[in-house]
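The structure appears right after this line, and notes come after that.
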Amino acid sequence: MKPRIAVVVFPGSNCEQDVVHALRSEGADADYAWHGDADLGGADGVVLPGGFAHGDYLRTGAIARFSPVMDAVRALADDGKPVLGICNGFQILAEAHLVSGALIKNEGLRFLCVWTDITVEDTDTIATRACEKGQRLRIPINHYEGNYRADGQPRVAFRYVDNPNGAWENIAGVSNDAGNVVGLMPHPERASHELLGSADGRFILTSLIESCCVPSRT
Amino acid sequence: MTDTVPLYAALGLTSDEYERIDKTLGREPSHTELAMFSVMWSEHCSYKSSRTYLRELPTHAPWVVLGPGEGAGVVEVAPGVMVAFKMESHNHPSAVEPFQGAATGVGGIVRDILSLGARPIAVLDPLRFGPLSDERNRYLFDGVVRGIASYGNSLGLPTVGGEAIFDPAYSGNPLVNAMCVGVFEDLEVLRGRPRSSGDLAVLVGSKTGRDGIGGASILASQEFEEGAEAKRPSVQVGDPFTEKLLIEACLELKRDGLLTGMQDLGAAGITCALSETAASAGLGVDGDLDAVPLREAGMEPWEICMSESQERMLACVAPDRIDHVVRVCAKWGLDASVVARYAEGGRLVLNAHGTEVTDVPAQALADGPLYERPVLHADRSQLHALDPLDLRWPEPEETLMRLLASPSIASKEWVWRQYDHMVRLNTLVVPGSDAAVLRIPESRRGVAGQPGIALATDGPGRIGSLDPYIGGALAVCESARNVACLGARPLAITNCLNFGSPEKPEVMGDFAASIRGIRDACLAFGIPVTGGNVSFYNESPNGAVHPTAIVGMLGVLDDAYAHRPVRVRDGDVIVLLGETKPELGGSEALAVVHDTVAGRAPALDIDREVALVRVLCSGIGAYAHDLSDGGLGVALAEMCVSSRIGAHVALPPDVDPLWGLFGESTARAIVTSRPNEVEALLGCGLPGVVLGTARGARLQIDGVLDVSVADLARVYDDAIPALMER
């Protein structure tokens with residue numbers, strides 16, 4: 001059975017087509033879900049893709065968290081099902097308090113579209129179950145606000161090898177306590193084929209797809 | 001406006017033009033009508049000084065679907081795969097307000113592509129500034145890059161190329177050109193006109209405000225003076241979020257078959273869109289300005305007609321489809337307002353508050369005046385008199401390092417790392433090589449045999465200032481070489497012609513010569529010009545900018561994945577194709593070391609250029625790199641730095657290290673190959689010489705210089721960040 005994955009389109013999302021394409025290439029039944037719909041149609045998992053939801057003219061993600069679809073995302077998360085936020089999706093998850101912390105402007109106060117190496121810190125999440133602990137992944141970032149900050153001790157999923165944006169503790173991605181909601185700044189869909197520079201993002205995409213097929217281990 | 005200046009003059013019209021309007025209407029124009037004529041007949045909108053010359057350009061080829069005259073050109077790159085592309089300038093707004101000027105420049109060219117019903121897939125930005133040693137130029141450069149990044153990134157459009165070149169000639173008047181490329185998701189090209197009378201003109205997108213009144217049209221049609229900040233209010237403010245919604249909404253309207261035509265609103269706003277769409281269909285239009293959604297109350301009719309508020313499109317819609325159109329736009333949170341209805345009779349009639357405010361022939365607005373400006377071929381004998389070989393030059397190693405540290409040559413990664421160059425997953429060759437390579441979205445699966453495109457921009461301003469004919473021709477040849485170095489076949493060009501005031505005869509002489517250069521090169525390559533833009537009045541108190549004809553080249557690869565590699569392999573033999581002559585005139589080396597642009601332009605040999613491009617496209621050899629700014633020395637250094645490998649080479653005995661390494665003789669490229677394929681490469685029919693081998697970690701040129709690749713890379717990579725992040 002192909003897992004059904006909903007990729008949410010907010011007004012201003014711009015990576016939804018890339019994510020759907022990459023997930024379908026990995027065998028998932030991925031399709032778009034509109035932010036104004038309060039129903040995810042029984043999807044097995046959901047991705048909040050990158051972009052500039054509602055223009056991000058206010059704090060990133062601050063408006064998107066109030067979109068009707070977010071209730072459905074929260075319900076899915078409460079149900080233990082996989083929720084992945086990539087870049088702007090991570091910012092939205094943080095605003096919605098589905099993961100802890102916040103993303104502020106990059107240390108250099110510039111937008112950065114660069115390749116990064118990240119390490120897998122925790123293999124017990126929906127985005128890392130196909131990875132090995134300590135595994136290095138080459139995946140690009142593309143953001144102005146990716147400088148992670150948190151109080152307390154978030155559950156860290158990924159860290160940068162060379163910190164590009166000043167993120168606290170080199171954190172590139174975190175999960176909720178249960179490990180079924182993951183937010184990360186790097187874009188796995190952009191590292192989904194050697195022809196694009198790396199296929200390492202497939203480890204994260206296949207982790208998500210596998211997690212949609214079986215109950216979360218956590 | 002003072003009492004002594006008549007209104008038409010304050011609006012930029014001449015007394016002759018005013019009389020012509022008077023005669024056309026058979027009466028004095030109303031205030032609103034005068035305002036409309038002033039923007040439509042501005043240089044920017046009417047091309048009144050350039051049209052006669054533009055007609056000389058070749059525009060036909062079997063693969064041309066749509067030539068100049070619409071939002072953009074369209075070519076068929078493979079059976080059933082159509083690509084739209086065009087370049088435009090936003091020089092003056094960017095000089096006044098770099099962030100918004102550059103941002104809205106991207107927005108405008110994206111809407112040009114969208115107006116045809118194509119999905120924009122890539123942006124390129126050729127830029128020219130004064131030297132970065134000057135704080136003002138750093139401010140402009142930083143603001144322009146941030147503006148492009150802000151707008152393009154937010155739209156989810158990859159910025160995949162362009163140029164950044166620095167020269168005192170652009171101090172006070174930077175050039176900010178933007179090129180957009182789109183693909184059609186179906187086989188329908190929308191035109192900027194309704195299908196028949198009775199169709200509705202529907203304004204979609206942002207509300208209309210007082211921002212940018214006469215912005216592009218007026219700013220771009222006058223010389224630039226000190227105190228330009230006072231013009232800031234006429235620079236438009238961009239809202240990329242709304243533009244993103246506009247893209248998705250317009251493509252959905254097209255998918256649902258709801259449009260009979262579409263036109264973007266740019267310079268001259270509603271006036272331009274209504275008059276051009278009506279005139280193009282041989283119709284008139286009856287409009288109601290009260291139906292235009294406004295940002296603020298109390299706007300005068302002439303302000304509504306002149307406003308250049310961004311993120312607006314005009315959709316031509318059959319009356320029975322309007323409800324559906326409004327529904328689709330509402331889903332994307334956009335206004336869709338019926339502002340007019342196309343009608344027989346050819347008159348553009350607009351009402352406001354129940355009163356008729358304009359009644360003019362739509363065609364008269366769209367057909368601006370046409371001028372045969374006085375032309376003078378400037379005397380450049382003094383410039384040409386300098387022989388750079390007579391000057392004292394430092395050791396070649398020092399010259400090379402200074403060239404690599406020159407911002408025009410140095411790595412532009414600081415620029416393109418601020419641009420999202422990856423989104424949409426089509427970018428196979430990212431910025432930093434001779435050209436960008438994109439697979440077209442339909443060919444995403446990574447299967448061989450799927451077509452791709454290669455994109456490059458070039459505009460050798462220094463050469464243009466010494467010989468505008470050669471400058472124009474070389475813009476075509478260099479960009480052809482650039483895409484061919486990635487294995488792509490040149491297919492068509494767009495251009496942006498950046499010149500000084502057309503009221504100066506010597507500027508018109510340069511302009512005419514540049515056009516001839518472009519024409520001759522295009523004819524030799526057998527490629528058409530499918531559209532472009534003319535930007536005059538690029539002047540500062542120091543005079544006109546270099547005659548800068550910038551070409552945007554579209555190349556095609558039958559198999560996107562079969563592009564040439566961007567790195568040289570260890571052990572490969574390096575061959576120099578083409579002829580190296582004792583030429584240093586107009587070279588980057590002369591500019592960097594002696595701070596001057598002078599001498600004779602390098603000799604042009606268009607037939608040789610065509611032959612070289614043919615060889616490069618044949619796929620012979622492996623890695624290839626074009627020789628242009630900085631000559632062979634810089635090309636070898638760039639090859640080493642980008643490939644992270646050294647090279648051991650020797651110059652031919654009859655070549656002097658100075659002009660051999662830093663001269664910019666045309667029609668040359670380095671091509672590498674496995675040792676056993678060198679014979680084939682040398683037998684390609686072009687002059688060719690084996691320079692040496694790629695290996696080790698140093699660039700060694702026998703008896704001339706010996707530098708570690710790490711040192712080359714440090715200088716090359718750090719130059720711009722060191723200037724911009726201090």
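The values are calculated or read from the model by the stated rules, or taken from the named source; none is laboratory data. Quantities reported herein were computed from a predicted structural model and do not represent experimental measurements. Cβ coordinates were reconstructed from backbone atoms using ideal geometry, including for glycine residues, and neighbour counts include every protein chain displayed.
Summary of computed values
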{"read-out": "When residues of the range B:383-405 are limited to those that are part of a loop (DSSP other than H, G, I, E, B) and touching a helix residue (DSSP H, G or I) at 6+ places or on another chain (Cβ under 7 Å), the one nearest to the other protein chains (Cβ to nearest Cβ)", "value": "B:Ala405"}
{"read-out": "Filter result for A:Gly85 (crowded, with 21+ Cβ neighbours inside 10 Å, closer than 19 Å to A:Glu210 by Cβ and within 15 Å of the chain's Cα centre (by Cα))", "value": "yes"}
{"read-out": "The lone exception for B:Ala281 - which of (1) surrounded by fewer than 24 Cβ atoms within 10 Å (Cβ to Cβ); (2) more than 25 Å from the chain's Cα centre (by Cα); (3) closer than 22 Å to B:Gly107 by Cβ it fails", "value": "(3)"}
{"read-out": "Some residue of the range B:144-152 being among the small types (Gly, Ala, Ser), surrounded by 24 or more Cβ atoms within 10 Å (Cβ to Cβ) and not assigned by TED's automatic domain parsing to the domain that holds B:Gly500", "value": "no"}
{"read-out": "Enumeration of residues in the range B:141-157 that are within 9 Å of another protein chain (Cβ to nearest Cβ) and in contact with an Asp or Glu (Cβ under 7 Å, 6 or more places away or on another chain)", "value": "B:Asn153, B:Leu155"}
{"read-out": "Test set (1) farther than 20 Å from B:Leu474 by Cα; (2) modelled with pLDDT of 95 or more - B:Pro541 fails condition number", "value": "(2)"}
{"read-out": "Residue in the range B:455-463 that is buried (at least 23 other Cβ atoms within 10 Å of the Cβ), under 21 Å from B:Phe141 (Cα atoms), in contact with a strand residue (DSSP E or B) (Cβ under 8 Å, 6 or more places away or on another chain) and among the β-branched types (Val, Ile, Thr) present", "value": "yes"}
{"read-out": "Of all residues in the range B:406-431 being more than 11 Å from chain A (Cβ to nearest Cβ) and polar (S, T, N, Q), the one that is surrounded by the most Cβ atoms within 10 Å (Cβ to Cβ)", "value": "B:Ser406"}
{"read-out": "Residue within the range B:677-690 that is modelled with pLDDT of 95 or more, under 28 Å from B:Ile527 (Cα atoms) and under 31 Å from the mean Cα position of the chain (by Cα) present", "value": "no"}
{"read-out": "Selection status of B:Met82, under 30 Å from B:Glu503 (Cβ atoms) and aliphatic (A, V, I, L, M)", "value": "no"}
{"read-out": "Of all residues in the range A:1-50 being within 10 Å of chain B (Cβ to nearest Cβ) and part of a strand (DSSP E or B), the one that is surrounded by the fewest Cβ atoms within 10 Å (Cβ to Cβ)", "value": "A:Trp34"}
{"read-out": "Residue check for B:Tyr139: without any contact (Cβ under 8 Å) to a residue 60 or more places away in the chain and either in contact with a strand residue (DSSP E or B) (Cβ under 8 Å, 6 or more places away or on another chain) or surrounded by fewer than 20 Cβ atoms within 10 Å (Cβ to Cβ) (or both)", "value": "yes"}
{"read-out": "Output for the range B:625-657, where each listed residue is surrounded by fewer than 24 Cβ atoms within 10 Å (Cβ to Cβ), among the aliphatic types (A, V, I, L, M) and more than 26 Å from B:Gly459 (Cβ to Cβ)", "value": "B:Ile645, B:Val649, B:Ala650, B:Leu651, B:Val655"}
{"read-out": "Members of the range B:1-21 that are exposed (fewer than 14 other Cβ atoms within 10 Å of the Cβ) and either aliphatic (A, V, I, L, M) or under 22 Å from B:Leu348 (Cβ atoms) (or both)", "value": "B:Met1, B:Val5, B:Ala10, B:Glu19"}
{"read-out": "Residue match in the range B:244-266 (condition: at pLDDT below 95, outside any strand (DSSP E or B) and under 21 Å from B:Leu200 (Cβ atoms))", "value": "yes"}
{"read-out": "Residues of the range A:173-206 classified as among the small types (Gly, Ala, Ser) and in contact with a Pro (Cβ under 9 Å, 6 or more places away or on another chain), total", "value": "6"}
{"read-out": "Every residue from the range A:155-204 that is part of a loop (DSSP other than H, G, I, E, B), away from chain B (no Cβ under 14 Å) and without any contact (Cβ under 8 Å) to a residue 24 or more places away in the chain", "value": "A:Asn163, A:Ala167, A:Asp177"}
{"read-out": "Enumeration of residues in the range A:120-154 that are in a strand (DSSP E or B), crowded, with 18+ Cβ neighbours inside 10 Å and away from chain B (no Cβ under 14 Å)", "value": "A:Val120, A:Leu137, A:Asn147, A:Tyr148"}
{"read-out": "Unmet requirement for B:Gly517, which otherwise passes all of (1) closer than 30 Å to B:Val615 by Cα; (2) in a loop (DSSP other than H, G, I, E, B)", "value": "(2)"}
{"read-out": "Every residue from the range B:168-188 that is in a strand (DSSP E or B) and among the hydrophobic types (A, V, I, L, M, F, W, C)", "value": "B:Leu175, B:Val176, B:Ala178, B:Met179, B:Cys180, B:Val181, B:Val183"}
{"read-out": "Residue count for the range B:537-565, restricted to those that are within 14 Å of another protein chain (Cβ to nearest Cβ), in contact with a helix residue (DSSP H, G or I) (Cβ under 7 Å, 6 or more places away or on another chain) and surrounded by fewer than 24 Cβ atoms within 10 Å (Cβ to Cβ)", "value": "1"}
{"read-out": "Test for B:Gly261: is it small (Gly, Ala, Ser) and either crowded, with 24+ Cβ neighbours inside 10 Å or over 31 Å from the mean Cα position of the chain (by Cα) (or both)", "value": "no"}
{"read-out": "Per-region count, the range A:100-119, residues within 16 Å of A:His143 (Cβ to Cβ) and away from every other protein chain (no Cβ under 14 Å)", "value": "5"}
{"read-out": "Leading residue by the ranking (surrounded by the most Cβ atoms within 10 Å (Cβ to Cβ)) among those in the range B:303-327 that are out of contact with any strand residue (DSSP E or B) (no Cβ under 8 Å at 6 or more places or on another chain) and at pLDDT below 95", "value": "B:Gln310"}
{"read-out": "Some residue of the range B:110-120 being in contact with a helix residue (DSSP H, G or I) (Cβ under 8 Å, 6 or more places away or on another chain), more than 20 Å from B:Leu497 (Cα to Cα) and within 14 Å of chain A (Cβ to nearest Cβ)", "value": "yes"}
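Matching residues to (1) under 25 Å from the mean Cα position of the chain (by Cα); (2) aliphatic (A, V, I, L, M):
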residue	(1), (2)
B:Glu583	no, no
B:Ser587	yes, no
B:Ala598	no, yes
B:Leu612	yes, yes
B:Ser618	no, no
B:Gly621	no, no
B:Asp626	yes, no
